[in-house]
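J.: Just passing along the structure, written as structure tokens.
The values are calculated or read from the model by the stated rules, or taken from the named source; none is laboratory data. These numbers were taken from a predicted model, which means no experiment stands behind them. Note that each Cβ is placed from the backbone with ideal geometry, even for glycine, and that neighbours are counted across all protein chains shown. Calculation scope for accessible area: heavy atoms of the full protein, side chains included, ligands and nucleic acids excluded. Shrake-Rupley method; radii C 1.70, N 1.55, O 1.52, S 1.80 Å.
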Amino acid sequence: MMKTIKNKKILNNVVLSVVVYLFFIWVHSFIRLNSFSDGSVFVPIRTSLLAIGCTFLYYWCFIAEIEIDEPSIHSTREYAFITGIVGIGALVLLLLEINCEDFIIYSEKYIRFWIFKLEKKYLYDLYAVVIFPLVVQGVFRTLRKEKFSCSAVFFSSISLIGMTIIGGLFFQAMSNAYLLDLTVLNTATIAFGIYKYALSNSHVRKGNSIAAVIIYAFLRVLMLWIQGYWNGGFAVSMLSSWSDYIKGIQELIHNASFFGTSERLMTNPFIVDWLSCRNNYIQQAFYYTGILGVLVVLVMLVIFLITISKLLGMDNSKTHKNHLVFVGAFSVLAVRIIMGTAYAFGFPYPIALVFAGKTSIISDSICFALLLICAWQNYEIEAYKNFEFVSVEKYLGEKDTYKITDEDGDDYEEEFLYDVVTIEGVDGKRIVCETDWYEISKREFCIFKSKGIGEQKRFVLECLDGKWIPVDDSDLTQKLSEMYLENNMPKSMEVMDDEED
């Protein structure tokens, strides 16, 4: 019963988040059509759906089929060594940039190798959502295996700080907004990593875990202060046209109507020009729909933030294998929602709202797709955690023996995994199942999993002298359940080492 309730909540959150996502895509399309000279209704939805589809395709075709998420590095010393190698490579690239005019890595907002050129903004979310979280996850996994010994903590600190510095230097030339955003995302990833792998570990004091987060945050802010360009104060450093931006917001708020377009705003040339090609849909809502429309947008943003936090499934964070990657995706969307809203009302944190930017709509869609994958994996994990056999008598009707036939219609007696068979119950009821064989004390048992649409049922029968009979021994059923769970753990789950001990 609990399994059904939790899985239903997961599905409800998926549906609600998709509905809100479509709302924001529609808003983006409306703004693009009315406030941009090259606006098109179908470009945002086409771009977003393509990004989501490619994310699903890449995940299921590559990650789900190839075990690339299994750690190939088995100690913190190896991570520290590899970080050193990457650091030497970064230094070599710096020397090449100094001596070669057509080789640019660090000093501009793009990278260039002779005729090849790529904007760094297209790599920013890949680093923040995938690369950095995977490194943090790998380091903390090995750190936990080594029971957080002093040497392991030392070598893992080298890896984490080293990768932070390398990533920061790579995006050095980006604006202060990008650097601040990267600081927030890196710190959030480290904090979630400590929460998952260290906070509940018996070898680590909670005070030390909290201190580690504070120390990393301090070092990251110090690095931001050293990297950034802070002449003229924080607001001007974040946005050079700060005075005009504040003037535009004040004009919008003071002259907006409660509902509909205000006549004052329509006849205000400064506002008309200021809103042209501006993708912040809270500010656009002040103009087109008034204060009531802004309230609707704010409510939808809050709903979306709550639902994607539910998709993240923090209850399963300790056992969810690649949870830090999904945390990175959630952090990106959460920052877009929270700080994008604050920016819309005048806080100097220039960042696009979720699904609002022309470029960021791609990365936001990828992050949303990752959270949908996360929700599906949480669904699998919940089903696994709450697994139990159904009573074959209640499912198929009470019989002394059950007739089972294979795909050719012959009596089923083979002992191969995942055969497809048909089982006949009472009153001609027939169900198609997949088989999973087990042996206990030289007795043969088969666990059957129903196929088809809807909730899959699992039940067990014993094969005795060619006859299929129910199993009434509760201890035997419990043993079979444990064996089945051990052999059918979802790929999305991991077992902590201290739990294995």
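J.: Can you tally the net charge around GLU424? Count Lys and Arg as +1, Asp and Glu as -1, for every other residue whose Cβ sits under 12 Å from the Cβ of GLU424.
T.: Surrounding charge for GLU424 is +2.
J.: Sticking with this structure for a sec: Report the charge-dipole magnitude of the chain in Debye, nearest 20, computed about the Cα centre from +1 at each Lys and Arg Cβ and -1 at each Asp and Glu Cβ.
T.: Computed charge dipole of the chain: roughly 2780 debye.
J.: Compute the whole-percent fraction of alpha carbon pairs in the range 397-483 spaced more than 19 Å apart.
T.: When all Cα pairs of the range 397-483 are counted, 35 percent exceed 19 Å.
J.: For the chain, take the convex hull of the Cα atoms, compute a quarter of its surface area, and give me that in nm², please.
T.: 30.9
J.: Take the cross-link list LYS394/LYS442; LYS442/LYS479; LYS147/LYS206; LYS121/LYS310 and give me the ones stretching past 19 Å between alpha-carbons. Mind showing how you got there, number by number?
T.: Values: LYS394/LYS442 28 Å; LYS442/LYS479 14 Å; LYS147/LYS206 15 Å; LYS121/LYS310 28 Å.
Beyond 19 Å: LYS394/LYS442; LYS121/LYS310.
J.: Something else about it: Could you sort 273-280, 111-118 so that the peptide with the highest average Cβ count within 10 Å comes first and the rest follow in order?
T.: Those peptides, ordered most packed to least, come out 273-280, 111-118.
J.: In addition: Of LYS442, LYS120, LYS321, LYS109, which has the most accessible area and how do the rest follow, probe 1.4 Å?
T.: LYS442, LYS109, LYS321, LYS120
J.: Compute the Cα gyration tensor for the range 143-247, then decide on rounded, prolate or oblate, letting a ≥ b ≥ c be the square roots of its eigenvalues: rounded whenever a/c is under 1.5, prolate when a/b is larger than b/c in the other cases, and oblate in all that remain.
T.: prolate
J.: Residues of the chain: accessible area per residue at 1.4 Å, in Å²?
T.: I get 51 Å² per residue for this part.
J.: May I pose another question? Given the peptides 239-248, 159-168, 288-297, 368-377, arrange them by the average over their residues of other C-beta atoms within 10 Å, most packed first. It would help to have the intermediate numbers written out before the result.
T.: On the way: 239-248: 14.9, 159-168: 19.8, 288-297: 17.8, 368-377: 22.2.
Result, highest mean first: 368-377, 159-168, 288-297, 239-248.
J.: Still on this structure: Quickly rank 356-363, 187-194, 88-95 as a protection proxy: mean count of other C-beta atoms within 10 Å, highest first.
T.: Values: 356-363: 20.0, 187-194: 22.8, 88-95: 12.2.
Ranked from most to least packed, the peptides come out as 187-194, 356-363, 88-95.
J.: Same structure, new question: Take the solvent-accessible surface of the protein heavy atoms, probe 1.4 Å, and return the percent of it on the range 304-372 that carbon and sulfur atoms account for.
T.: Here it works out to 72 percent.
J.: For ILE73 and MET489, calculate 0.36 nm times their separation in residues minus their Cα-Cα distance, and state this gained length in nm to one decimal.
T.: 147.5 nm
J.: Relative contact order of the range 329-472: what whole-number percent is it, with Cα pairs under 8 angstrom and at least 6 residues apart?
T.: On the way: 205 pairs, mean separation 22.0, N = 144.
Normalised by residue count, the contact order of the range 329-472 is 15 percent.
J.: Please identify the helices of the chain, taking whole runs of DSSP H, that span at least 18 Å along their own axis as judged from the Cα atoms and have a mean Kyte-Doolittle score of -1.0 or higher.
T.: Correct list, ordered by number: 2-35, 42-58, 76-99, 132-145, 150-170, 176-197, 206-227, 242-255, 290-312, 323-344, 360-385, 474-487.
J.: At a 1.4 Å probe radius, carbon and sulfur cover how many percent of the accessible area of the range 375-488?
T.: Answer for the range 375-488 is 43 percent, counting heavy atoms of protein chains only.
J.: Return the carbon/sulfur percentage of the accessible area of the range 177-274, one whole number, probe 1.4 Å, all protein chains in place.
T.: That share works out to 65 percent.
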